[in-house]
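Undergrad: Please find one structure pasted underneath; my questions will follow.
The values are calculated or read from the model by the stated rules, or taken from the named source; none is laboratory data. As the structure is a computational prediction, the values presented were derived from the model and not from experiment. Backbone-built Cβ (ideal geometry, glycine too); neighbour counts: all protein chains shown.
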Amino acid sequence: MRIAGKGLIDRTKPVSFKFDGKAYQGFKGDTVASALLANGVKLVGRSFKYHRPRGVLTAGSEEPNAMIEVIGASNQTPNVRATVQEIFEGLNTRSQNRWPSLRFDVMAVNDMVSPFLSAGFYYKTFMWPRAFWEAIYEPIIRRAAGLGSLSGKHDEGHYEKAFAFCDVLVIGAGPSGLMAALEAARAGADVILCEEDRLLGGRLLADDAHLDGKPAGEWVAAVEAELKALPNVRIMPRTTVTGAYDGGQFSAVERVGLHKGPRPDLPRECFWRITAARTVLAAGALERSIAFPMNDRPGIMLASAVQTYLNKFGVVPGKRVTLFANNDGARAVARQLMAAGVTVAAILDSRTDASAVEDCPVYLGAQVTDTKGRLGLRAITGTHVGGEFALETDLLAVSGGWNPTLHITCHLNGRPRWEASLAAFVPLADAVPNLQAAGACNGVFDTLGCLREGQAAARAALRGLNIAAADAALPTAEGLPYVIAPLWQVAGKGRAWLDFANDVTTKDVKLAAQEGYASVEHMKRYTTQGMAPDQGKNSNVGALAVLADTTGRGIPETGTTTFRPPFIPTSIAAMGAGGRGNGFAPQRFLTSDQASRDRAAPMIEAGLWYRPSYFPKPGETSWLDSCNREIGYVRGAVGVCDVSTLGKIDIQGKDAGRFLDLVYTNTFSTLSVGRVRYGLMLRADGYVLDDGTSARLGQDHYLMTTTTAAAGLVMRHLDFVHQSECADWDVRFISVTESWAQFAVAGPMARALLNGYLDQPLGDFPFMATGAVTVGGVQARLFRISFSGEEGYEIAVPTRYGEALFRDLVARAETMGGGPYGMEALNVLRIEKGLITHAEIDGRATAFDIGAAKMLSAKKDCIGKLAASRPGLIGPERAQMVGLKPLSAEKITSGAHLFIPGADLNRVNSQGHISSVGYSPMFDRDLALGFLVNGRAWHGETVRVVDRLRGIDVLAEVCDPVFHDKDGEKLRA
Amino acid sequence: MRIPCPLCGTRDRREFYYYGSEDYLKRPSDQGMVEDLDNHLFLRDNPAGVMRDVWYHEAGCGAWMVVTRNTISHEVLGSELVAKQKEA
């Protein structure tokens, strides 16, 4: 029912939306809950366990009952709180956890058998027989479990994440938060003000309070206008701060587009990480219910929610209202209802010493002992000091007192303190460093007190930041004391709910205590109290009080469970924004990328790089055909391959050679200018880190190459060695990987190709030489190195010439019976030559294992040298790198294990594994590199190659890892 | 978590690479005892309280630093350049 003249909705803008297939109308500014209540809809959901009919309980994100599915074109969001979801034209929603309909739900049979479904039912019932668990119990329970449902499709919605920084973060924009933000903003601090609601004002609007003798809305509007005009303030409405983390960091989730129809320009939500030097927590407080018998019927709401619907939405969801409270707060609600022309049947005040003077009947010492009305409240009965009462009523507004919203103060392990005078927990002062709670979340419930606390907290923050405070004057406001007499539960015949969402009753808590789960943490798990989407916001304190009553320990001794992030249910899509599919993962493309794609080369990922796998030609039926042909180019003519992905580090300085001696096992300071040397690098623990070549370009100038995979790793390692061991040496280095495009030109005709292409033909240019050349007038670097075993060169030009050079080289190679080759061919070529990659140096291999022990210079120290000599890292017990040649043409795989023929095939008998395999056209069979215990002593012997996953069991000959051109005659040709 | 880089100022920890205890800065040379390597590589205190670790500003300036922090309160107490230690 709408009340004329009340509410902050825009009555000139009607909005239609759907709930359970039926169209309803509300106004701009309505939530689904307020609009449904205005339309007389009381039944909005079914409870989790008993499928009890439920209505709206609250007016905020803590709502335990009114959870709905929001159905979009490509997504379906379950468990959306109808009290938060704003309506927009075309919004489509649905109730959940019911079948076939909300009014008639088959599973409500659970409610009939509820005596059997008490706490621990599952633990007790589904214990035996054991074999029943997977086949019978689990499928049944799974079907019954859960609330809302998903679409089963990927969420294609757009989400974002963002970072923000400020001097002062103010969480909540009620009286405390607004005052704090105003004070900090006027002083010139950078302020971020986060408010969960769409409107600033908090309880000022919901309570219809007065400031400076005028409606509080006017003050709120003036403050908002002032804050908006300041350049140092960011106001973030619809933004819930969800967690506090180390170092003044907070997470927050903003509903950017959820309150609008599908908008391609807007993300649905944005997940914020806010870093604040100081924080004022002004999150307010949450009203709690009272556990009286049958207290869960649609039409029973919190008093503060009734007040919010009246003042913010102009809605009163009943015609004859009753209020049941243990504190003064409900009196104002009753007066406002009566002023709006609503009939108040009675105020039921549980206190005997409270005032009985109101414009409606007041029952003192009152307790509600039963309620009637399955799909909507009709009547209540109870007792009071004068006897019994029975009332016809369709809306019961309950207030059991207030709980400060202190959740965030518990996120860094702080436990709240029980304050008996408030019958509530309050936060500890230093629970989160540099955060101060102010106002209702700090246990100060009157408006004037909130304004004062907000201002004081802002001033404390400003002092900490050495910013002089501005003198914002406080508006005049009510400063009524908060008077409460705790009432947690009412005895009676029916069930009394604590946790509405998870259907936990006072009986369940008592049963848990009787059965030995008397610690609060055990009780929680045994009953599932507080484990629903509202995380116990409505019920934890009540449940704790009932447990304390049952055990006779008192609340402070019973303790409390803690609160963890997130404060509200947060969509994983928002937290993972940018992570779907490739997300924001960088892609690195070679200069030859387009040229390779022009040739239809499939790309393979190498770290962040994309490299051509092979270059198919018409008539080839598989990648292997292409690979074999490309191998033929290199072995028989000339092949061209983009090798720019290898890490290139430019190293300069008088101590550059000395530095390389420290990081490489072998010596580089003695390398002649114009020469290249292969080097091996160890980790601090003596295992191989990386390998590659380094060229001496000048007296004090080296160029190091790393493997593609370890380029970043090596850079980090060089930085570490430099800064930790020799920061005072004259050496500097920088990555130049992206600055140079580099191509391998390999094969018996490589020299001929280059001679016809370079501006000057090559003179004497032996294996492992380097020198400057020019190509079409462009300065280039030439290295005579080989990763294939053939005569090979690598030519490097500044990146901008890379594509042109690649196209030229390939075109020339093709006139000579060669062409481009990809990663598949490159891999086979290097296996035939016994050259390693990170498949071999996988972090477990030592220099000794790969047969490079003699590369550890005895004349100097290097990183990892002593560690490499540790017992167990050298010797016949090590798995040593070997070549493996299958005795037949059968396939073998990397990852296969090696066994001595005749030995049992079990883990203990495994003698090693295969690290790399490739089909060699030269040998017409697979060739492999692998690691075999004492392998170098096994050359010529036979081992069994077993891969049980792929059904492979093949005999292979152990041999030297170099299959091709063992003496390097081709290499040095 | 925020880490104060001596060169760049306080930055998000996602910009940093964590290595481990500052013990890694005291590498035994090839003249050392193999037994000392256990201390250098593997044996670590696990203090409830102040701890000194080596971090790398990998997505930043490339500086290695020793960060002092409290493992109980998670408070970051300061940082100093590894290179500075060596030069001092």
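Undergrad: Can you tell me which residue within the stretch B:68-88, out of those that are among the β-branched types (Val, Ile, Thr) and more than 30 Å from A:Asp730 (Cα to Cα), is surrounded by the most Cβ atoms within 10 Å (Cβ to Cβ)?
TA: Applying the filter and picking the extreme gives B:Val76.
Undergrad: With respect to A:Glu196, is the statement that it is touching a strand residue (DSSP E or B) at 6+ places or on another chain (Cβ under 8 Å) and either under 24 Å from A:Thr570 (Cβ atoms) or modelled with pLDDT of 95 or more (or both) true?
TA: yes
Undergrad: A further question on this structure: Give the residues of the stretch A:358-377 that are at pLDDT 95 or above, in a loop (DSSP other than H, G, I, E, B) and either of a type in the set (A, V, I, L, M) or not assigned by TED's automatic domain parsing to the domain that holds A:Val321 (or both), sorted by residue number.
TA: A:Ala366, A:Leu377
Undergrad: Here is a further query. Which of the numbered conditions does B:Thr68 fail, given that it passes all the others? Conditions: (1) more than 25 Å from A:Gly712 (Cβ to Cβ); (2) assigned to a loop (DSSP other than H, G, I, E, B).
TA: (2)
Undergrad: Report yes if some residue within the stretch B:75-84 is within 11 Å of chain A (Cβ to nearest Cβ), over 27 Å from A:Met715 (Cβ atoms) and touching a strand residue (DSSP E or B) at 6+ places or on another chain (Cβ under 9 Å); otherwise report no.
TA: Yes, the stretch B:75-84 contains at least one residue that is within 11 Å of chain A (Cβ to nearest Cβ), over 27 Å from A:Met715 (Cβ atoms) and touching a strand residue (DSSP E or B) at 6+ places or on another chain (Cβ under 9 Å).
Undergrad: Here is a follow-up. Any chance the stretch A:502-524 includes a residue that's in a loop (DSSP other than H, G, I, E, B), buried (at least 24 other Cβ atoms within 10 Å of the Cβ) and assigned by TED's automatic domain parsing to the domain that holds A:Phe567?
TA: yes
Undergrad: Let me ask you something else. Is at least one residue of the stretch A:314-321 charged (D, E, K, R) and surrounded by 23 or more Cβ atoms within 10 Å (Cβ to Cβ)?
TA: Checked the stretch A:314-321: no residue is charged (D, E, K, R) and surrounded by 23 or more Cβ atoms within 10 Å (Cβ to Cβ).
Undergrad: Acidic (Asp, Glu), modelled with pLDDT of 95 or more and surrounded by fewer than 23 Cβ atoms within 10 Å (Cβ to Cβ): which single residue out of A:Asp349, A:Asp394, A:Asp328 fits that description?
TA: Step by step, each of A:Asp349, A:Asp394, A:Asp328 is checked, and only A:Asp394 is acidic (Asp, Glu), modelled with pLDDT of 95 or more and surrounded by fewer than 23 Cβ atoms within 10 Å (Cβ to Cβ).
Undergrad: From A:Ser915, A:Ser910, A:Ser920, grab the single residue that is under 26 Å from A:Gly872 (Cβ atoms), touching an Asp or Glu at 6+ places or on another chain (Cβ under 7 Å), assigned by TED's automatic domain parsing to the domain that holds A:Leu884 and of a type outside the set (Phe, Trp, Tyr).
TA: Matching residue, one of A:Ser915, A:Ser910, A:Ser920: A:Ser915.
Undergrad: What are the residues in the stretch A:175-196 that are surrounded by fewer than 24 Cβ atoms within 10 Å (Cβ to Cβ) and either without any contact (Cβ under 8 Å) to a residue 60 or more places away in the chain or outside the structural domain of A:Ala440 (by TED's automatic domain parsing) (or both), if any?
TA: A:Asp190
Undergrad: Scan the stretch A:720-732 and give yes if some residue there is within 13 Å of chain B (Cβ to nearest Cβ), of a type in the set (Phe, Trp, Tyr), in contact with a Ser or Thr (Cβ under 9 Å, 6 or more places away or on another chain) and not in a loop (DSSP other than H, G, I, E, B), otherwise no.
TA: No: zero hits.
Undergrad: Among what's in the stretch B:34-67 and is of a type in the set (Val, Ile, Thr) and surrounded by fewer than 17 Cβ atoms within 10 Å (Cβ to Cβ), pick the residue that is nearest to the other protein chains (Cβ to nearest Cβ).
TA: The extreme case among them is B:Val34.
Undergrad: Ok, one more. Among the residues of the stretch A:400-415, write down those that are in a loop (DSSP other than H, G, I, E, B), away from chain B (no Cβ under 14 Å) and modelled with pLDDT of 95 or more.
TA: A:Gly400, A:Gly401, A:Thr405, A:Leu406
Undergrad: While we're on this one: Would you point out which residue out of A:Asn466, A:Asn442, A:Asn434 is on the phi > 0 side of the Ramachandran plot and either in contact (Cβ under 8 Å) with a residue 24 or more places away in the chain or not polar (S, T, N, Q) (or both)?
TA: A:Asn434
Undergrad: Among the residues of the stretch A:663-703 satisfying the criterion of being farther than 16 Å from A:Phe783 by Cα, surrounded by fewer than 19 Cβ atoms within 10 Å (Cβ to Cβ) and more than 36 Å from the chain's Cα centre (by Cα), which is farthest from the other protein chains (Cβ to nearest Cβ)?
TA: A:Gln699
Undergrad: Right, another one. Consider A:Pro237 carefully, then state whether it is in contact with a strand residue (DSSP E or B) (Cβ under 9 Å, 6 or more places away or on another chain) and under 24 Å from A:Phe271 (Cα atoms).
TA: yes
Undergrad: Moving on. Among the residues that make up the stretch A:416-431, is at least one of them free of Cβ contacts under 8 Å to residues at least 24 places away in the same chain and in the same structural domain as A:Thr371 (by TED's automatic domain parsing)?
TA: Checked the stretch A:416-431: no residue is free of Cβ contacts under 8 Å to residues at least 24 places away in the same chain and in the same structural domain as A:Thr371 (by TED's automatic domain parsing).
Undergrad: Right, something else. Determine which single condition A:Pro901 fails, assuming it passes every other condition in (1) loosely packed, with under 15 Cβ neighbours inside 10 Å; (2) closer than 16 Å to A:Pro961 by Cβ.
TA: (2)
Undergrad: Considering only residues of the stretch A:352-378 that are small (Gly, Ala, Ser) and surrounded by 16 or more Cβ atoms within 10 Å (Cβ to Cβ), which is nearest to A:Asp328 (Cα to Cα)?
TA: Among those residues, the one meeting the criterion is A:Ala354.
Undergrad: Consider only pairs whose beta carbons are under 8 Å apart and that are at least six residues apart or on different chains; among these, list those whose first residue lies in the stretch A:663-688 and is within 15 Å of A:Thr846 (Cα to Cα) and whose second residue is surrounded by fewer than 17 Cβ atoms within 10 Å (Cβ to Cβ) and basic (Lys, Arg).
TA: A:Gly686/A:Arg870; A:Tyr687/A:Arg844
Undergrad: Within the stretch A:733-743, work out how many residues are surrounded by fewer than 17 Cβ atoms within 10 Å (Cβ to Cβ) and either farther than 30 Å from A:Val773 by Cα or within 11 Å of another protein chain (Cβ to nearest Cβ) (or both).
TA: 1
Undergrad: Wholly within the stretch A:217-287, which strands (runs of 3 or more DSSP E) include no fewer than the required count, namely at least 1 residues that are within 14 Å of another protein chain (Cβ to nearest Cβ)?
TA: It comes to A:239-245, A:249-255, A:269-281.
Undergrad: Residues to consider are A:Gly864, A:Gly843; find the one that is on the phi > 0 side of the Ramachandran plot, at pLDDT 95 or above and within 14 Å of another protein chain (Cβ to nearest Cβ).
TA: Of the residues listed, the single one that is on the phi > 0 side of the Ramachandran plot, at pLDDT 95 or above and within 14 Å of another protein chain (Cβ to nearest Cβ) is A:Gly864.
Undergrad: Identify all residues within the stretch A:383-403 that are touching a residue at least 60 places away in the same chain (Cβ under 8 Å) and more than 45 Å from the chain's Cα centre (by Cα); write none if there are none.
TA: Once the filter is applied, which keeps residues that are touching a residue at least 60 places away in the same chain (Cβ under 8 Å) and more than 45 Å from the chain's Cα centre (by Cα), the stretch A:383-403 yields A:Leu391, A:Glu392, A:Thr393.
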